[in-house]
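Student: Please find one structure pasted underneath; my questions will follow.
FYI, it's all coordinate maths here, none of it is from the lab. Just so you know, these numbers come straight off a predicted model, no measurement behind them. Here the Cβ positions follow ideal geometry from the backbone for every residue, glycine too, while neighbour counts run over all protein chains shown.
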Amino acid sequence: MASTQTWSEGNGTNAGTETTSRAEANWKNVDDSTTAYSSSPITAGNNSFSKYQAIKYAGTFNSLSALTYKVSTNAPGTGLSVVAAVITAATPATPTTTATGDSAASTTGTSANFVHTNTWSSVFAAGSATGGPNDATSWYGQAYRTQLQTTGSAAPGDITSVTITATWTES
Amino acid sequence: MVVPRDSSVEAEYADGYVHSELELGDVPQFGQGNVLTDILSGKLEKEHGRMVRFSCFWKLKRHDVDWTKLPKNARPIRFRHGVSVQDVVTGETWSGWAGVDFGAQWNDRLGRSKKAIRELR
């Protein structure tokens, strides 16, 4: 069976409400995981709402280690940039369109720790470099905050495909 | 025919018993973790004798370590390299294994750590 993985998103005040089954994961001009991005587009010169996501492990495993997050590109078009950070502290900023101040998202991998909790708000924590074994309490990766930032030169329309990837080692 | 799932492991013991991740659905028989946790615990050796083979499946092939040729302090190693990808635009997600490192670790007579690892990709 091994581990199974899903992605959770944090919305609302301090990103404290977990959505486990997202209908819409795109960057957009609203803080939720349901509204179609086409209904809440980002206008050139503005930013998306910051988005908090974390990988969540279920299934069976002996140990987890070496977790990283990365994006396929941090410059998906003219006037577009993706910034990101792994959130290590409690009570993160509530999602807004204000620039997060994060650096360009890594395309090679940013290290993250594992957090052992059944409470989503506790995912915003220092965590530990290794996790497991599986038990009745969930294992998450630390939350990964991303934001699509634009300049006035951004072209209208959909952006090209961007992927967010988590990699880890598991025994 | 049961097709071995990539990166799953099994161990065979002196009395012929095979502890198979695939057959057990990776459900551990001795508490938390998985079938590898069972094998690492050494508890199966009390009932079935010394482990004689440790195997890992990858791309429809079984890779074996002859455990009878290793020191008694040898420990099995199986590290899966996991990948989970989400497409931000389409919302599609998929997960899989990029590879698996498989083999054994032991200490020699001078206490030095030794490894024999195969990087299956």
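Student: Of all trypsin sites (Lys or Arg not before Pro) in the range B:1-58, which ones are in loop regions per DSSP and have a Cβ with at most 16 other Cβ atoms within 10 Å?
Tutor: B:R5, B:R50
Student: Past the 24 Å Cα-Cα mark, which pairs from A:K70/B:K114; B:K59/B:K114; B:K69/B:K114; A:K56/B:K114; B:K61/B:K115?
Tutor: Listed pairs above 24 Å: A:K70/B:K114; B:K59/B:K114; A:K56/B:K114.
Student: Let me know the whole percent of all Cα-Cα pairs from the range B:9-120 that are separated by more than 18 Å.
Tutor: Result for the distance tail: 56 percent.
Student: Sticking with this one: Expressed as a rounded percentage, what relative contact order does chain A have, with Cα pairs under 8 Å and six or more residues apart?
Tutor: 31 percent
Student: Separate question: What does a probe at A:S111 reach in the range A:117-131, counting residues whose amide N is under 15 Å from the point 7 Å along Cα→Cβ?
Tutor: A:126-131
Student: Something else: In the protein assembly as shown, if every C-alpha pair distance is counted and binned at 10 Å from zero, what percent goes to each bin?
Tutor: In order of increasing distance, the bins hold 6, 26, 28, 19, 13, 6, 2, 0 percent.
Student: Using 7 Å Cα-to-Cβ label points, what is the A:T165/B:R118 separation (nm, one decimal)?
Tutor: Modelled inter-label distance: 2.5 nm.
Student: Separate question: For A:T137 and B:V18, what does the FRET efficiency come to when R0 = 35 Å and r is the distance between their Cβ atoms, rounded to the nearest 0.05?
Tutor: Once the sixth-power term is evaluated, E becomes 0.65.
Student: Using the C-alpha atoms of the range A:3-170, what convex hull volume per residue, in cubic angstrom, is computed?
Tutor: Convex hull of Cα atoms, per residue: 97 Å³.
Student: Here's another thing I want to ask about it. Kindly provide the helix-only [θ] at 222 nm of the protein assembly as shown, computed as the sum of -39,500 (n - 2.57) over DSSP H runs of four or more divided by all residues, to the nearest 500 deg cm²/dmol?
Tutor: After summing the helix terms and dividing by residue count, I get -1000 deg cm²/dmol.
Student: Report, to two decimal places, the Cα Rg of the range A:81-129 normalised by 2.2 N^0.38 Å (N = number of residues).
Tutor: Rounded to two decimals, the normalised Rg is 1.26.
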